[in-house]
There are 2 protein chains.
Amino acid sequence: MKKFSSRYSIAVHILSLVALSPTSCTSDFIAESVNTNPVIIRRIIGMLKKAGLVHVRAGAGGTYLQKELDEITLLDVYRAVEVADNGDIFNFHDETNPKCPVGANIESVFRTKMLQAQSAMEHELAQVTLKQLVSELKEKTGSI
Amino acid sequence: MKKFSSRYSIAVHILSLVALSPTSCTSDFIAESVNTNPVIIRRIIGMLKKAGLVHVRAGAGGTYLQKELDEITLLDVYRAVEVADNGDIFNFHDETNPKCPVGANIESVFRTKMLQAQSAMEHELAQVTLKQLVSELKEKTGSI
DNA sequence: ATCGTTGTAACTATAATGATTACATCGAGA
DNA sequence: TCTCGATGTAATCATTATAGTTACAACGAT
């Protein structure tokens, strides 16, 4: 019964914090808001950096957005921290018996359907920008 | 980088086989088509049984569909074998710092978006019946 | 009553996650 | 230039899910 890792929610948390915080965001500072270990934060920031979403002042400290808030979607963040090797979220039992007509063909038929389902999910994620999300967050917090 | 387990693809394989096979489907027979251990098959059949999708002739042997092919959707199968405790596929880092305005509110904002994405995926799965899938499978195999 | 099948328990190996300690390296500022 | 805080990353550990396997009691059609 596996779900997606919590890296994704932490990544969104990090980006929101960086977007909203007036002060410099060190991994220690962020870790306190997320309530976890600074190394967890640094690892995730490393992925966000690799995806071109943030840059980090090495030595000096602090993480900063590298794109505008409305240029980052939840899909971008998802792909940065959560995506599997080939991008598929569904697993397949891929060594079916080729001598059986069902075993030989079931995977390709099933895979097509699964990719459609995955696309639908990713399309939904692509609709939400961090700008929207942060704006809703601001409403919730009243001010910040 | 976790994906869904291969139980799902195996479950669909099992149901397709049961639907198409003229002979009795014992766990040994199915395991040969899937190319895995019979106990794996029995475990998954147990979940399908619990979900009311199949029934099993205990003692005698053999698995049979309990619903019509067009009454079983990929979402039904998904829920039978893959669903996590509360049904959410996304994980949340839920012990954020309540003293931080972002930490205190990010989860509920993010969760709403995630549930929409999950719904989109499940809606897509609900569109596909086993009847369609088996029909496509028949086309692929030529005959059976 | 027999015998093949199911339903489980128990065990193993493997892999991902999340947390933590440790430490080399970077670079801004005194 | 030196110091000191911050980053980047390796290594380790506990936990959990998956996948496979062996073993065996219980079922029930014949």
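Return a yes/no flag: does region B:105-116 have any residue that is part of a helix (DSSP H, G or I), touching a Phe, Trp or Tyr at 6+ places or on another chain (Cβ under 6 Å) and within 30 Å of A:K138 (Cβ to Cβ).
Let us first name the residues in region B:105-116 that are part of a helix (DSSP H, G or I), namely B:105-116.
When the remaining residues are screened for being touching a Phe, Trp or Tyr at 6+ places or on another chain (Cβ under 6 Å), the result is B:107, B:114.
Cutting the leftovers down to within 30 Å of A:K138 (Cβ to Cβ) gives us B:107, B:114.
Taking every residue of region B:105-116 in turn, at least one turns out to be part of a helix (DSSP H, G or I), touching a Phe, Trp or Tyr at 6+ places or on another chain (Cβ under 6 Å) and within 30 Å of A:K138 (Cβ to Cβ).
Considering B:N91, B:N86, which residue is surrounded by fewer than 17 Cβ atoms within 10 Å (Cβ to Cβ), outside any helix (DSSP H, G or I), polar (S, T, N, Q) and within 16 Å of DNA strand D (Cβ to nearest atom)? Lay out the reasoning, then the answer.
Numbers: B:N91 fails: surrounded by fewer than 17 Cβ atoms within 10 Å (Cβ to Cβ).
Step by step, each of B:N91, B:N86 is checked, and only B:N86 is surrounded by fewer than 17 Cβ atoms within 10 Å (Cβ to Cβ), outside any helix (DSSP H, G or I), polar (S, T, N, Q) and within 16 Å of DNA strand D (Cβ to nearest atom).
Can you go through B:R57, B:R43 and tell me which one is free of Cβ contacts under 8 Å to residues at least 40 places away in the same chain, near DNA strand C (Cβ under 10 Å from one of its atoms) and in contact with a strand residue (DSSP E or B) (Cβ under 9 Å, 6 or more places away or on another chain)?
Details: B:R43 fails: in contact with a strand residue (DSSP E or B) (Cβ under 9 Å, 6 or more places away or on another chain).
Answer to the selection: B:R57.
Give region A:16-40 a look and list any residue that's more than 9 Å from DNA strand C (Cβ to nearest atom) and in a helix (DSSP H, G or I), or say none. Explain how you work it out, then say what you get.
Step one: filter region A:16-40 for residues more than 9 Å from DNA strand C (Cβ to nearest atom), giving A:16-30, A:32-33.
Scanning region A:16-40 gives A:S16, A:L17, A:V18, A:A19, A:L20, A:S27, A:D28, A:F29, A:I30, A:E32, A:S33.
Applying the selection to region B:1-20, what residues are at the interface with chain A (Cβ under 8 Å from one of its Cβ atoms) and of a type outside the set (K, R)? It would help to see each step written out before you state the result.
Taking region B:1-20 first, the residues at the interface with chain A (Cβ under 8 Å from one of its Cβ atoms) are B:1-6, B:8-10, B:12-13, B:16-17, B:20.
Listed by number, the residues that qualify are B:M1, B:F4, B:S5, B:S6, B:Y8, B:S9, B:I10, B:V12, B:H13, B:S16, B:L17, B:L20.
Need pairs with beta-carbon distance below 7 Å; first residue of a type in the set (D, E, K, R) and within region B:24-39, second near DNA strand C (Cβ under 9 Å from one of its atoms); sequence gap 6+ or separate chains.
Here the result reads B:D28/B:P38, each pair linking region B:24-39 to a residue that is near DNA strand C (Cβ under 9 Å from one of its atoms).
Here are the criteria: (1) under 29 Å from B:K67 (Cβ atoms); (2) within 8 Å of chain A (Cβ to nearest Cβ); (3) without any contact (Cβ under 8 Å) to a residue 60 or more places away in the chain. Tell me which single one B:G87 does not satisfy.
Here B:G87 meets the rest and fails (2).
Among the candidates A:S6, A:S27, A:S16, which residue alone is closer than 20 Å to B:E95 by Cβ, within 10 Å of DNA strand D (Cβ to nearest atom) and either among the hydroxyl-bearing types (S, T, Y) or touching a helix residue (DSSP H, G or I) at 6+ places or on another chain (Cβ under 8 Å) (or both)? Let's see the steps before the verdict.
Details: A:S6 fails: within 10 Å of DNA strand D (Cβ to nearest atom); A:S16 fails: within 10 Å of DNA strand D (Cβ to nearest atom).
None of the others qualify; the one that does is A:S27.
Within region A:43-62, which residues are crowded, with 18+ Cβ neighbours inside 10 Å and not in a loop (DSSP other than H, G, I, E, B)?
Across region A:43-62, the qualifying residues are A:I44, A:I45, A:M47, A:L48, A:V54, A:V56.
Among the residues of region B:30-59 satisfying the criterion of being among the charged types (D, E, K, R) and within 13 Å of DNA strand D (Cβ to nearest atom), which is nearest to the other protein chains (Cβ to nearest Cβ)?
Taking region B:30-59 as the starting set, the residues that turn out to be among the charged types (D, E, K, R) are B:32, B:42-43, B:49-50, B:57.
Next, from what is left, pick out any that are within 13 Å of DNA strand D (Cβ to nearest atom): B:32, B:42-43, B:57.
Values: B:E32: 6, B:R42: 15, B:R43: 13, B:R57: 21 Å.
Filtering first and then ranking leaves B:E32.
All of the numbers you see were taken from the coordinates with simple rules; none came from a lab. The model shown is predicted, which means the values in this text are computed figures rather than measured ones. When we count neighbours, we look across all protein chains shown, and the Cβ atoms used for this are built from the backbone with ideal geometry, even at glycine.
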